[in-house]
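S.K.: Pasting in a structure now, in structure tokens, and then I'll have a few things to ask.
The values are calculated or read from the model by the stated rules, or taken from the named source; none is laboratory data. Everything numeric here is computed off the predicted structure, so don't read it as measured data. Cβ atoms come from the backbone with ideal geometry, glycine included; neighbour counts cover every protein chain shown. We work out accessible area using only protein heavy atoms, side chains counted, and drop any ligands, DNA or RNA first. Shrake-Rupley method; radii C 1.70, N 1.55, O 1.52, S 1.80 Å.
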Amino acid sequence: MVKSTSRLALISTLFISLVNATVPGSSSANEINQTQKKRPPYTGGALYPQATETRDLRTLDGIWNFRKSPTDPEYGYRNGWYEQDLEKTGPVIKMPVPSSYNDVGEDVSLRDHVGLVWYDRRFYVPPWWLQNGQRVWLRFSSVHYAAQVWVNGKLMAYHEIGHLPFEVEITKEVYPNASNLLTVVVDNTLLSDTVPQGVIKDTIIGNGKVRQEQSYTFDFFNYAGIHRTVFLYSTPQLYIDDVIVNTDIQGLTGFIVYNITHQGTPSPDNVECLVQIFDKNDSQVAASHDCAGLIEIGNANFWWPYLMHPSPGYLYTFKASLIGPNGEIVDTYNQKVGIRTVTWSNTSVFINDKPIYLRGFGMHEDSDLRGKGWDPVLWVKNFNLIRWVGANAFRTSHYPYAEEIYQLADEQGIMIIDECPGVDTDIFSKSLLVKHKQSLTELIRRDKNHPSVVMWSISNEPRSANRLADAYFGEVVRHVKSMDLSRPITIAISQTYTTDKSAQHLDVICFNRYNGWYHATGSLTTITNNVVDEATAWHIKHNKPIIMTEYGADTIAGLHQMPEYVWSEEFQVALMSEHFKAFDKLRQAGFFVGEFIWNFADFNTAQTIIRVGGNKKGIFTRSRQPKASAHHLRARYLAVAASDTGTAPPDSLYISDNRSKLHEEL
């Protein structure tokens, strides 16, 4: 366990690592123009855009123009599609941003498209931004999988790896009093050295025509497009580039260790920093005049998980300001801060030095029509359901989610195991390692300040029995620890404890196993012992805390069959109950720290004969309606939460007063 007395010293060494960490760039064979895309690795976009006294903010969300590329990926480049409006060079369709493009149309070729697509729209820059000498920035919160961006015909940015943001300054390229053309080309192809990996196959379909087909081993649909908000925002010429915070607790006192970095002109030599800490009532509780330092808050309100404290998710506002030589405010940025610590031993994980037990889900960014597109209505509903069930955590399986989701988790005290896009990692090449590390560099830069993030997951179900996995994941873990020592590192492992070669590098061991479904389908009698035996074996071998991160059964809502039978709601409930028995035994063993059912809600997959309209392991349908299993899991999670806090479980539906019938005898 990392002791409190040493955490401040450890934290102070992280800032230089986090600011400077990067991974050398490499080329890949996806279809975006090779010459134009060779750029240094992306290192910006650490701060979520916001409007302040010194910054303004717009979004470019809405209806864009859209066109699929012909089979020849160079066709659009040769014909200058980025130099003028797409509608002037041929037919376009309307495409909402944010969304995945796959399910928006009625054309199967669009849903299953492999290769390039083109987007464009026009936008205006508020003239007062440029008149006041503001910098103009364009930020994409997520484009999957790779993207090139042009402004007024000039190539401005290239980014590879979906689910992570990138931004570029466009001040010199925009017109102050006219519309500006924004063009984006998106490439969804996955290859052996992309994160995640895939395979492209050319199929001859007649008349000499070739169709590209994408295959991959992961069990979710490879949705593509501009998935999250596109921001247009301004900053001063001299601006805050990043804010890094970490926290510690000693007794009732909270500590915020911070570092503010700034970029730009004029020379920052005469610039000072002002830091102000405000509580939830907007009362200032602390301040500092240094750009890096330690702030102490007496009788602090700590950040606690949901159902672990009467006021979960308490957040302070950390206001960072750059102050000029004449006392003027040059730039400001507001960062939410939750004062909490995460520590771990060989048997436990602790929040604020109290042991935690994670009750949660695997999830997906997936919904009808939108695909993986960010939708605030959907995610507010998701969080309402998470709390209703009594969960306190979820894993971002199997990629980073939208930043707004982490903000909701911060506010509501829901813990997150934050997972990079490395799903089913295989063929452990040097080029893949470079991109895998780069994905974690960008992930940690983006999510480092979220108190809800309590663990980094560096892969899901890698082929870790491969002898190359040992050195590969050893290198990935060292890279993560060079950036952040304040959170444990894990992998959701599907290999057995006898063959896996990755677990020795981890702080917490997570394993996925589908007893009664993929293994011994339909059999419930061996589940409890199998789960207990495997979790115990993992702990005996590695002497580390254990979490079961996936178990479950596909279930068709409304299908009932007694006695219980696979695909029925009764079978899903029965399978869960056998796991609950195992979890209760493991909770008493002292090293088991969490249970995550797969999955929160049904989701789309590639077409296969083992999937009926997608993966149906959700306890909620894709439209977020409960199956019987949702009520069953709710009773479980609320009872476990009550037992861990020493309180009575909340009232459920009335059943009985447990009194015998009154008899009035003559």
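S.K.: If each residue of separation counts as 0.36 nm, what is the full-extension length gain between Asn270 and Lys354 once their alpha-carbon separation is subtracted? Working shown, then result.
M.R.: Values: separation 84, 0.36 × 84 = 30.24 nm, distance 4.43 nm.
Length gained between Asn270 and Lys354: 25.8 nm.
S.K.: Explain nothing, just the number: dipole magnitude of the stretch 530-639 about its Cα centre with +1 on each Lys and Arg Cβ and -1 on each Asp and Glu Cβ, in debye rounded to the nearest 20. Please report the intermediate quantities before stating the final value.
M.R.: Working: 13 positive and 11 negative charges, 68 e Å.
My answer is approximately 320 debye.
S.K.: Taking 7 Å along the Cα-to-C-beta vector as the label spot, tell me the Thr71-Glu475 distance in nanometres, rounded to one decimal.
M.R.: 3.7 nm
S.K.: Let me ask something else about it. Given 0.36 nm per residue, what is the gain on full extension from Phe123 to Val199 after removing their alpha carbon distance, in nm?
M.R.: Numbers: separation 76, 0.36 × 76 = 27.36 nm, distance 3.70 nm.
Computed gain between Phe123 and Val199 is 23.7 nm.
S.K.: At a Förster distance of 41 Å, what's the computed FRET efficiency of Ala606 paired with Leu524, Cβ-Cβ distance as r, to 0.05? List each step's numbers first, then the result.
M.R.: Details: r = 29 Å, r/R0 = 0.71.
Approximately 0.90, to the nearest 0.05.
S.K.: By what distance, in whole Å, do the Cα atoms of the stretch 462-516 stretch along each of the three principal axes, largest value first?
M.R.: Over the stretch 462-516, Cα extents along the principal axes are 39, 23, 14 Å.
S.K.: Remind me, relative contact order of the chain in percent, using alpha carbon pairs under 8 angstrom and six or more residues apart? Don't skip to the end; give the middle numbers.
M.R.: On the way: 1511 pairs, mean separation 82.2, N = 666.
Relative contact order, the chain: 12 percent.
S.K.: Now a separate question. What percentage of the solvent-accessible surface of the chain, computed with a 1.4 Å probe over protein heavy atoms, is contributed by carbon and sulfur atoms? Mind showing how you got there, number by number?
M.R.: Details: 13950 of 26270 Å².
The nonpolar share, carbon plus sulfur, comes to 53 percent.
S.K.: Quick check for me: using +1 on Lys/Arg Cβ and -1 on Asp/Glu Cβ, what's the dipole size of the stretch 411-538 about its Cα centre, in debye to the nearest 20? Write down the numbers at each step before the final one.
M.R.: Working: 13 positive and 15 negative charges, 88 e Å.
With Lys and Arg at +1 and Asp and Glu at -1, about 420 debye.
S.K.: Let me ask you something else. Which Cα, out of Val377, Thr341, Tyr399, lies furthest along the positive dipole direction of the stretch 329-410 (beta carbon charges, K/R +1, D/E -1)?
M.R.: Of Val377, Thr341, Tyr399, it is Thr341.
S.K.: In addition: On each of the three principal axes of the Cα atoms of the stretch 196-311, give max minus min coordinate, whole Å, ordered largest first.
M.R.: For the stretch 196-311, the Cα extents along the three principal axes come out at 75, 49, 23 Å.
S.K.: Need the full-extension length gain, Ile63 to Thr499, defined as separation in residues times 0.36 nm minus the C-alpha distance. One decimal, nm. Could you put the intermediate results ahead of the total?
M.R.: On the way: separation 436, 0.36 × 436 = 156.96 nm, distance 5.00 nm.
Here the answer is 152.0 nm.
S.K.: Show me the helices of the chain, taken as full DSSP H stretches, that run 27 Å or more along their long axis by Cα and average -1.0 or above in Kyte-Doolittle hydropathy.
M.R.: Working: long enough: 569-589 (31 Å, -0.47).
For the chain, where a helix must reach 27 Å along its axis and average at least -1.0, the hits are 569-589.
S.K.: Let me ask something else. Round to a whole angstrom and tell me the spacing of the C-alpha centers of the stretch 469-485 and the stretch 150-229.
M.R.: Rounded to whole Å, the Cα centres lie 28 Å apart.
S.K.: Here is a further query. Taking R0 as 45 Å, what FRET efficiency do you get between Val380 and Glu664 from their Cβ-Cβ distance, rounded to the nearest 0.05? Each step should come with its number before you reach the end.
M.R.: Numbers: r = 54 Å, r/R0 = 1.19.
Once rounded, the FRET efficiency stands at 0.25.
S.K.: Right, something else. Using the 2.2 N^0.38 Å rule of thumb for compact globular proteins, work out how the chain stacks up: its C-alpha Rg over that value, please. Display every interim value, and only then the final one.
M.R.: Details: Rg = 25.8 Å, N = 666, 2.2 N^0.38 = 26.0 Å.
For the chain, the normalised Cα radius of gyration is 0.99.
S.K.: Amide H neighbours of Ile323 under 5 Å, at least 5 residues apart or on other chains, H built in the peptide plane: list them.
M.R.: Glu272, Cys273, Leu274, Val330
S.K.: Here is a further query. If we count every other residue with Cβ under 11 angstrom of Pro325's Cβ, Lys/Arg +1 and Asp/Glu -1, where does the sum land?
M.R.: Working: positive: none; negative: Asp269, Glu272, Glu328.
Its environment carries a net charge of -3.
S.K.: Using 1/(1 + (r/R0)^6) with R0 = 30 angstrom and r between the beta carbons of Trp567 and Lys541, what's the FRET efficiency to the nearest 0.05? Provide the component values of the computation, followed by the final result.
M.R.: Numbers: r = 35 Å, r/R0 = 1.17.
Using R0 = 30 Å, I get an efficiency of 0.30.
S.K.: Same structure again: Counting only heavy atoms of the protein chains, get the accessible area per residue of the chain (1.4 Å probe) and round it to a whole Å² value. Please list the in-between numbers first.
M.R.: Values: 26270 Å² over 666 residues.
Heavy-atom accessible area per residue stands at 39 Å².
S.K.: Hey, can you grab everything whose amide H is under 5 Å from the amide H of Trp64? Only 5+ residues off in sequence or another chain; H modelled, so Pro and N-termini drop out.
M.R.: Under 5 Å from the amide H of Trp64: Met95, Val97.
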